[in-house]
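This report refers to the structure that appears directly beneath it.
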Amino acid sequence: MDSKLDKLIYKLSNIFIMKKTILLLYILACFISGEATAAKVIWNLKTKYDISQSGFASIISDAKDRLKNMPNDTIIILIDAGTYNIGGNGKEGILVDDIGMVNATGRIIFKGAGMDFTTLVFTDISQDMIHGSDVYGLEFKDMHCTRNRYTVTQGNVVSVGVGEIDLELHQGFPTPLDLWNNWTQGRFLRRYTTSETDPQIIQTDNSQVPYGYVNKTYKQPQLISERRWRFFLNNSEQVLSNYKVGDLVGVKSKFEGEIYWFQRGKNLVFENFKWTHSSRGLVRGGFSNVYLKGCRIERAAAIQGQTPCMSTPSGGPQMNQYASSGDAVSTDMVVENCFIDSPGDDCVAFFNVNGAKIINSTFRNSFARGIMVSQDAYNVCVSGTTVENSLISLEDNVANAPNLRTPFSTFDINEAYKAGFITNCNLTAVPNVKKSDDNQFAFSIFPNPTGANLNIRLSRPDNFVSVIVNLHGIVHIISTNNFSVDVSNLSKGMYLLLITQNGQRYIKKFIKS
């Protein structure tokens, strides 16, 4: 009897051990694969460390270590209400390199108490606020990031001479030497309407005027007396005859660091976020799935009753700006419910991008352009968006290398729709503009420039319609299945040839000589 009982107990024990082993192996497999183990953890930065540069570095290190073992976890880092100084090292305030894994769903979320309650003040003016490479899954919410001093200046015209202009700077604004940068570019003057509460860029007869680099040599502005400063124009023979005594002039000098700088990665979110004194955010290297929602770039408070002409000396978000030739294409770049006011360059710019949306946003009073669309950006749509006292532009020719740019063609938002550079996100029937070097379609034109006929070559020479428009979106010629179009009656200048075929639209520029 005892022997039979012993055998039964032994058998049941083996079954139990086997099942337990299987269960443990299953749990281990789930752990290794990251399935069924994703968790949400909440850490408080002030409680765990402190709200400082070193505190951010420590908690980011902890979060990275956790994601290495549990790559699908969501780590929420709370930042209490208050104003906190974030020191600098000349490079970045918050470093977020090597976050997450390519195929994982984990993320790190920095969450403040609200853009009007949690403020991070970056005390190194030249550093990037947030800087990272190879980042997969990162969010910043409900905060305000700023610098600890003003980054723009302005004044009224006192006199104009050959190759120079004197301005009397407004009381309390920085001197031009406070904002000086040793670059060959980035320093410009431009006229504004005279207003204490809302200076507006003047659009007519008012191109950006470069200063401070004369005959290939830096030439800093010179203090003449009290607040009167002399600015030396890059063109030493230029006379600014359109600048009159008393005119209000905004002075731009790109010298501050970026608000964020990211290279390579995926899934970046800024939500309910505000920036002042800085505005330029860069993503490069094919960084994709970038979502800006409810973000604001605003002018800082007035100084002695005078509102600044510009919010910052730089532009706003730069989507996949070129770093080097061969950079990967970015996809899914979204700007939604954002407000960008009076930046020192483009409100938002799209470079090497396939698939972008601007939804229910307001861009106003930009020193350069409201929306910039590079020739290498396509499938860009805009809906419910106001572009106020600013233009939309297409880059005429882009070399895939930094600092090689040619002039822009500018449009208002309706002209941009007509020309096909952007489409309305709500009008799905409107075909997207595609790059002419699409892998499944080849499209070329010759000669270019041309004075007589423009010849068209298609890899699929079936039914197509060609439309020639000028840079204001006005249609000049419509032709069907015609491989040679007579353009001799067009005025000299740049035009666009749009080919519609099989429900898709393709575009190329040409010059009528």
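The values are calculated or read from the model by the stated rules, or taken from the named source; none is laboratory data. Every value quoted in this text rests on a predicted model; they were computed, and no experiment measured them. Cβ atoms come from the backbone with ideal geometry, glycine included; neighbour counts cover every protein chain shown.
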Among (1) more than 30 Å from P176 (Cβ to Cβ); (2) surrounded by fewer than 16 Cβ atoms within 10 Å (Cβ to Cβ); (3) basic (K, R), where does R149 come up short? (1)
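Check the stretch 129-138 and report whether any residue there is over 25 Å from F262 (Cα atoms) and not basic (K, R).
Within the stretch 129-138, not a single residue is over 25 Å from F262 (Cα atoms) and not basic (K, R).
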Given (1) in contact (Cβ under 8 Å) with a residue 12 or more places away in the chain; (2) more than 22 Å from R264 (Cα to Cα), index of the condition Y49 fails: (1)
Taking interchain pairs and intrachain pairs at least six residues apart, which have beta carbon atoms under 6 angstrom, with the first residue in the stretch 255-274 and in contact (Cβ under 8 Å) with a residue 24 or more places away in the chain and under 15 Å from Q318 (Cα atoms) and the second surrounded by 21 or more Cβ atoms within 10 Å (Cβ to Cβ) and basic (K, R)? E258/R280; Q263/R284
Could you tell me whether R296 is of a type in the set (K, R) and surrounded by 20 or more Cβ atoms within 10 Å (Cβ to Cβ)? no
Starting from the stretch 173-189, take each residue that is on the phi > 0 side of the Ramachandran plot and list its partners that are surrounded by fewer than 22 Cβ atoms within 10 Å (Cβ to Cβ), counting only C-beta distances under 8 angstrom and pairs at least six apart or across chains. G186/K254; G186/F255
How many residues are on the phi > 0 side of the Ramachandran plot and small (G, A, S) when one looks only at the stretch 245-273? 2
Looking at the stretch 313-380, what strands (runs of 3 or more DSSP E) fall wholly within it and have at least 2 residues that are surrounded by 24 or more Cβ atoms within 10 Å (Cβ to Cβ)? 317-319, 330-336, 348-350, 353-359, 371-373
Consider the stretch 47-56. How many of its residues are closer than 18 Å to F122 by Cα and surrounded by fewer than 15 Cβ atoms within 10 Å (Cβ to Cβ)? 2
I'd like the residue in the stretch 165-201 that is part of a loop (DSSP other than H, G, I, E, B), among the charged types (D, E, K, R) and touching a strand residue (DSSP E or B) at 6+ places or on another chain (Cβ under 9 Å) and, out of all such residues, is farthest from P308 (Cα to Cα). D178
Conditions (1) closer than 18 Å to F287 by Cβ; (2) of a type outside the set (F, W, Y); (3) at pLDDT 95 or above -> I99 fails only (3)
Among (1) under 18 Å from D346 (Cβ atoms); (2) surrounded by fewer than 21 Cβ atoms within 10 Å (Cβ to Cβ); (3) modelled with pLDDT of 95 or more, F270 falls short only on (2)
Counting only residues in the stretch 171-227 that are among the aliphatic types (A, V, I, L, M) and surrounded by 14 or more Cβ atoms within 10 Å (Cβ to Cβ), the one farthest from the chain's Cα centre (by Cα) is identified as I224
Matching entry among K266, K244, K252 (being farther than 28 Å from V96 by Cα and in a strand (DSSP E or B)): K252
